[in-house]
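Just below is one structure, and these are the notes that go with it.
The values are calculated or read from the model by the stated rules, or taken from the named source; none is laboratory data. Here the structure is a predicted model, which means the values were calculated and not measured. Every residue, glycine as well, gets a Cβ built from its backbone with ideal geometry; the counts of neighbours run over all protein chains shown. The protein model used for the area step is the full one, side chains on, heavy atoms only, and it has no ligands, DNA or RNA in it. Shrake-Rupley method; radii C 1.70, N 1.55, O 1.52, S 1.80 Å.
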Amino acid sequence: MLPVTLPPMLVAVPLASGSVLAGLGRWLPRRAVDLTAIGTALASVAMSGWLFALTGRVAAVTWVGGWIPRHGRSVGIVLVVDRLGAGLAGLVAVLVTAALVYSWHYFDDVEAMFQALVLFFLAGLTGFAITGDLFDMFVFFELMGAVAYALTGYKVEEPQSLQGALNFGVINSLGAYCSLTGITLLYARTGQLGLAQLGRELAGHPADPLVVAAFVLVCTGFLVKAAMVPFHFWLADAHAVAPTPVCVLFSGVMVELGVYAVARVYWVVFSATLPAGAFRRAFLVLGSLTALAGAVMCLVQHHIKRLLAYSTISHVGVFLLGLAVLDPDGLAGTATYVAGHAGVKGALFLGTGILLNRYETVDEAELHGVGWRRHPALAVMWTAGGLALAGLPPFGTFAGKSLIEHALNGERFGWGVAVCVLASALTGGAVLRVGLRVFWGVGRPASADAELVAAREEPETTGRLLGTPVTMLAPMLALLVGALLVGALGPVHQALTAAAGQFVDRVFYLRAALGGAGAAHPHRVPVVGWTGEGLAAAAVSVGLAALVALAAVAVDRVPRPVATAARRLHPPMLALRRLHSGHVGDYVAWLATGVALLAGLTGL
């Protein structure tokens with residue numbers, strides 16, 4: 001018997017705890033505030049894990065307040081938790097726990113507002129992952145967004161923080177308005193807002209222009225949050241100024257929730273009316289564009305936070321390629337990749353925060369040669385993170401990428417495999433390049449071009465720490481180990497693959513949500529992730545990443561033809577970089593362009 005009170009508690013507990021801290025934090029000792037926030041996050045981990053264990057063959061359905069459907073219609077709030085939703089809620093809680101532990105030495109003078117905001121963020125992210133109602137998705141989306149804006153501009157005394165938060169707020173708000181307009185169109189057509197009810201009403205009817213427009217508009221808001229090209233411009237600006245623990249949450253799980261939302265809405269609401277070819281075409285094209293543009297932008301960055309942000313954009317493109325295959329294997333690869341990527345990227349951001357505290361900069365040129373002797377543990381973990389992004393076995397990034405490549409090959413999209421390999425190689429190579437220059441002092445400092453070098457920054461802690469506390473190193477290590485276990489442990493891999501099979505079963509979801517109780521789901525035998533083709537692709541991507549890193553730090557020793565080719569690529573790369581102007585008006589224009597592009601590809 002599934003506990004029907006557990007899903008609402010996933011949202012209610014962090015909301016209540018955050019409210020208490022916001023109201024009483026000024027009178028509580030700092031350590032009491034930290035322990036309360038961390039304890040709340042750990043409680044969310046435990047509840048999500050319990051739901052993950054219980055939802056292997058059933059879905060947990062809760063009608064909050066007892067407002068159950070009558071004659072197939074409802075006005076109540078429904079939470080529908082399948083295994084993938086529970087797993088995503090658990091991933092959110094794990095990353096929030098790591099961010100809060102890391103923040104033990106942060107923000108002494110803010111009366112618990114940082115911890116309260118992070119708990120509200122946890123509630124919004126979790127509610128977004130488990131709701132079964134499209135309008136409630138929008139509500140949780142806005143809760144998550146409002147808190148994210150505040151967290152981005154947390155260092156309110158710095159103009160750059162305010163600009164990053166403004167860009168974030170304007171672009172994501174416009175995306176949210178698009179989603180609300182699409183929800184309005186669907187409500188006008190069906191009189192329903194529940195995902196299952198919408199899917200039932202639209203099933204069997206051809207996708208007319210209203211339905212296509214609703215799909216495009218609803219997905220626009222989610223894809224803005226996911227930072228898909230050309231909706232991505234706000235992401236690097238936000239990461240560059242947001243506190244390091246917040247970057248862990250943005251890159252580790254917030255953008256992934258946008259991809260999750262598109263998958264959920266398509267399979268439950270639109271898969272029985274919108275032709276699969278339209279969805280596949282749109283996201284194969286846009287996913288490839290996102291993967292390659294993000295990888296190129298990552299490679300030319302020397303501000304480490306921006307570099308990591310653009311690598312996240314590139315990996316979002318890979319997630320979308322896995323989703324575009326429209327089969328359980330592709331989705332299983334995306335789910336595994338998301339879990340592995342969250343651990344690796346979170347660890348790399350935490351390492352960046354350590355450097356920022358010690359040296360008051362995250363610029364690659366200024367950090368050149370700080371030395372692995374001063375930071376041996378950090379140097380090792382940073383190198384491991386770069387190799388993991390490149391797809392080194394047995395990290396979860398390798399297992400997920402292998403499954404996505406297997407699914408792409410199965411549908412005869414071999415070019416998509418090349419895109420995945422290239423994206424992994426370029427992003428992993430950029431991170432390894434930073435490690436070689438910063439920790440090992442290899443090569444010359446990075447270019448001092450004024451467009452590429454970051455201004456000196458204030459440390460995010462209350463003062464320079466004489467050493468690196470265990471509360472900063474331990475979360476970084478734990479996230480890397482978690483990313484490794486996702487790919488190395490067969491049961492974890494199998495559970496995620498089976499969860500993907502459950503997720504794409506539209507009948508299973510509708511039967512569970514409309515019936516108000518869990519519905520049996522047949523067990524699906526997962527595919528094996530460690531294949532010869534997967535290992536071969538991993539060898540190529542890791543090898544290319546190493547070559548990219550070595551070539552970048554040994555520019556004086558590369559062969560003349562290679563140097564000539566690199567110089568010829570400089571003008572188009574500089575032009576691409578200048579498109580990321582930081583002006584919110586430009587970003588709004590690109591958002592409109594992206595909506596038109598998505599509509600054209602979907603309705604072609």
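The convex hull defined by the C-alpha atoms of the range 231-388 has an orientation-averaged projected area of 9.4 nm². Building the convex hull from the alpha-carbon atoms of the range 298-430 and averaging its projection over directions returns 7.5 nm².
With N set to the residue count of the range 208-310, report its C-alpha Rg divided by 2.2 N^0.38 Å to two decimal places.
So the range 208-310 has a normalised radius of gyration of 1.19.
Helical content alone sets the calculated 222 nm signal of the chain at -24000 deg cm²/dmol, taking -39,500 (n - 2.57) per DSSP H segment of four or more residues and averaging over every residue.
Annotation: lysines with alpha-carbon distance below 29 angstrom to Lys155 (same-chain offsets under eight excluded): Lys225, Lys305, Lys345.
Multiply the residue separation of Arg31 and Val380 by 0.36 nm, subtract the distance between their alpha-carbon atoms, and state the gained length in nm to one decimal. Provide the component values of the computation, followed by the final result.
Numbers: separation 349, 0.36 × 349 = 125.64 nm, distance 3.06 nm.
Separation in residues times 0.36 nm, less the Cα-Cα distance, equals 122.6 nm.
Residues of the chain were split at every exposed loop site, defined as GluC sites (Glu not before Pro) in a DSSP loop with at most 11 other C-beta atoms within 10 angstrom, and the longest piece left, sites excluded, is 158-450.
Projected label points at Asp586 and Leu210, each 7 Å from Cα along the beta carbon direction, are separated by 4.0 nanometres. Please give the FRET efficiency for Val156 paired with Ala596, using the beta carbon to beta carbon distance and R0 = 45 Å, rounded to the nearest 0.05. Approximately 0.80, to the nearest 0.05.
The three principal axes of the Cα atoms in the range 138-216 give end-to-end lengths of 55, 21, 15 Å, sorted in falling order.
Of the labelled options [x] 100, 54, 45; [y] 85, 68, 57; [z] 72, 61, 47, which one gives Cα extents along the principal axes in Å as computed for this structure? Evaluating Cα extents along the principal axes in Å on these atoms matches [z]. Taking the accessible area of the chain, probe 1.4 Å, and keeping the other protein chains in place, the carbon and sulfur fraction comes to 68%. Taking all protein chains into account, the per residue accessible area for the range 250-363 stands at 12 Å² (1.4 Å probe). Spin-label model, Thr471 to Glu360: label points 7 Å out along the Cα-to-beta-carbon direction sit 2.4 nm apart. Just so you know, the Cα atoms of the range 89-246 work out to an Rg and Dmax of 17.7, 58 Å.
Order of 415-427, 309-321, 158-170 by packing, highest average Cβ count within 10 Å first?
Details: 415-427: 24.2, 309-321: 29.1, 158-170: 18.7.
Packing proxy ranking, top to bottom: 309-321, 415-427, 158-170.
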